[in-house]
Amino acid sequence: MTGEVYAISRGTGWVIVILLGILWVALGIYWGRRAKNSEGFMLAGRNVGLSLGSATAMATWVTSNTTMLAPVFALTLGVWGMLAYSTASFGLLLFALFVPRIRTLLPAGVTAGDFFRLRYGRCGWSLFLIITMLYSLSWLVSMAIAGGDLLEALAGIPYLQGMSLILIVCILYTLFGGLYAVIGTDFIQSLIILVGIVFIGGLVIVKLDFSTAYEHIATYQPSLLQIAMPAALLAVFNNMLFGFGEVFHNNVWWSRAFAMRKEIAPKAFFLSGLLWFPIPIAAGFIALAAGPLGINIPDENQTGPVVASAVMSMSGLGAIAGVLILIVLFCSMASSIDSLLAATSDLLIEDVQKGLFGVEIDENRFRRSAGFVIIGVGVLVWILAAPHWPIINALFISGPLVGSLIWPVIAGLFWKKINRTLVLGGIIAGSALGVWAYFALGWFTASLIGAGVSMVATILARFISPKQFRGAEAPAQIH
Amino acid sequence: MTLQWSNPERKTVVLQQSTLATFADPVARYTGSEKSSVLSGLAEGRHYFRVGEEGTSNWSVPLTVEVKFFPRDRLFLLLGSGAVVVLLTMGTIIAGALRHRGESRA
């Protein structure tokens, strides 16, 4: 895994990624034929059922961070770290409770921006756009970087080539098929991810003697078993609130809420949360087995692939270890990159092009315009990912920013009146203090501080000079 | 934390850990030809590390690592705040969703 020794040959790596790429693009073109108009392209005709709906939500939430970072959480924060990562699923479980209200409030809604415009006016909507663009771009770029790193680590494919390849594949099938293609491929990708993680987790269970493993960890890594490990305990609340902020505000989830059939959408989100919950635990469990199984981890960021590869080699599956890991991780990245590409492009078309600049796009020109935006976002991501900057830090720093949007979303959905100025002040104060906490106190406090400050401001805004919200409106009336 | 050392010839090296500066009670944390190792879960306190070629007594200059946890008073304050924020958030969402369901039925 390090130096010049790779789990699979460069040729095998290229063949796997190109074959998977052809498969996703072909399926994207096939499913994309169903998108007859803009609503079909952006919201899959608002007719997505339970199985596809829950699979797409789960697969989107299984990002490169889940498969690569959950093992790092377990390795550095122990049992609490695994649970902390899993609490991100609570965001999906709670979003299920939002959906009926979202569909009532915005029966013809298209993006999360529609909600912020309706509830918080142009100023709140602009603030939302800045935060969500920062977050979405850093998420997209970090996954493109993770894809390039993965292909380099597993197959020795140069970073720039691997990163470009993964990005091109995702851009192509999103371009041809819109949300139909994204949801369809997500379904297959979610099955591959689940089977892969369960299979590797099963191998670890077979290989591991649990009493010896406990003894080893208690001797050499005692803090990992400690109930009162401060960073790990704080990570539970911090990660949970980061997850709430990510899910509650981002258009990836709102577009799915609009795309699913009204009666099944809450069930689909709830089911996806339940299905997602054990994935970080399984991925983290694999990492905890490293010490007891005598596996050296030379680079923290490669914890998952290194341990999975070593365990499969111990089980006599060394030859296919790299192939399986590459397929599972490629699927986890593609399933999130495509969703974010589609949702961010929708936001740029609906909120920036139409909402901000007032440029109306007729149905005949929509696909062409959407294509330009998707390619534009892809090119921007490539430009930001090419220098291999540590963008993952930008994603983590965005935790307090998205955390400070939690309460404004809740209040906007369920309350009848509010003091908008105070809420928007709370978002700014929460974001600023959360970023300060990130550097001054530690990453494991940032989202908590951001969400907490914004919560206090939002609660005060309910009682200090509140004004009635406008009722449910169609997007056309909101602009 | 990640410990790194130079090993250009990829010789078999041993990474030792001890709680004593004299390495009177060493434990081998890694034996192999890699050039780095990630260590986690160390107990609070002072730990010493050294690396050397297997079978020889040529050890590197010891590295001292001091592990200190987040201050307990600040921890409990933040944990309490975290619990309040999370419980209020969940409670408000559940209450809002139930109210919406009631209104929809009515």
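For this structure, a couple of remarks:
- Odd one out for A:V306 among (1) within 14 Å of chain B (Cβ to nearest Cβ); (2) more than 30 Å from A:L224 (Cα to Cα); (3) among the hydrophobic types (A, V, I, L, M, F, W, C): (2)
- Leading residue by the ranking (farthest from B:V86 (Cα to Cα)) among those in segment A:409-435 that are touching a residue at least 40 places away in the same chain (Cβ under 8 Å) and in contact with a Ser or Thr (Cβ under 6 Å, 6 or more places away or on another chain): A:N419
- Hits in segment A:454-471 (condition: without any contact (Cβ under 8 Å) to a residue 12 or more places away in the chain and in a helix (DSSP H, G or I)): A:F463
- Of the listed requirements (1) under 25 Å from A:I197 (Cβ atoms); (2) part of a loop (DSSP other than H, G, I, E, B), A:A74 misses just one: (2).
- For B:V51: the one exception among (1) free of Cβ contacts under 8 Å to residues at least 24 places away in the same chain; (2) of a type in the set (A, V, I, L, M); (3) surrounded by 17 or more Cβ atoms within 10 Å (Cβ to Cβ): (1)
Residues checked against (1) surrounded by 24 or more Cβ atoms within 10 Å (Cβ to Cβ); (2) β-branched (V, I, T); (3) within 10 Å of chain B (Cβ to nearest Cβ); (4) within 23 Å of the chain's Cα centre (by Cα):
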residue: A:G399; (1), (2), (3), (4): yes, no, no, yes
residue: A:F414; (1), (2), (3), (4): no, no, yes, no
residue: A:N419; (1), (2), (3), (4): no, no, no, no
residue: A:R462; (1), (2), (3), (4): no, no, no, no
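- Counted as qualifying within segment A:205-322 are the helices (runs of 4 or more DSSP H) with 3 or more residues that are at pLDDT below 90, namely A:210-220, A:230-249, A:278-288, A:303-314.
- Only one of the numbered conditions (1) surrounded by fewer than 24 Cβ atoms within 10 Å (Cβ to Cβ); (2) over 18 Å from the mean Cα position of the chain (by Cα) is violated by A:L274, and that is (2).
- Residue list for segment A:98-120, restricted to those being farther than 21 Å from A:R420 by Cα, surrounded by 24 or more Cβ atoms within 10 Å (Cβ to Cβ) and within 14 Å of another protein chain (Cβ to nearest Cβ): A:V99
- Of all residues making up segment A:85-96, the number that are in a helix (DSSP H, G or I), out of contact with any Pro (no Cβ under 7 Å at 6 or more places or on another chain) and within 11 Å of chain B (Cβ to nearest Cβ): 5
- Filter result for A:I192 (away from chain B (no Cβ under 14 Å) and out of contact with any Asp or Glu (no Cβ under 6 Å at 6 or more places or on another chain)): yes
- For segment A:179-229, the tally of residues that are surrounded by 22 or more Cβ atoms within 10 Å (Cβ to Cβ) and either in contact with a strand residue (DSSP E or B) (Cβ under 9 Å, 6 or more places away or on another chain) or over 14 Å from A:A287 (Cα atoms) (or both) stands at 12.
- Residues within segment A:359-415 that are among the small types (G, A, S) and over 27 Å from A:V99 (Cα atoms), tallied: 7
- Filter result for B:P62 (more than 7 Å from chain A (Cβ to nearest Cβ) and in contact (Cβ under 8 Å) with a residue 24 or more places away in the chain): yes
The values are calculated or read from the model by the stated rules, or taken from the named source; none is laboratory data. What you see is a predicted model, and the numbers here were worked out from it, not measured in a lab. Here Cβ is always computed from backbone atoms with ideal geometry, including for glycine, and neighbour counts include all displayed protein chains.
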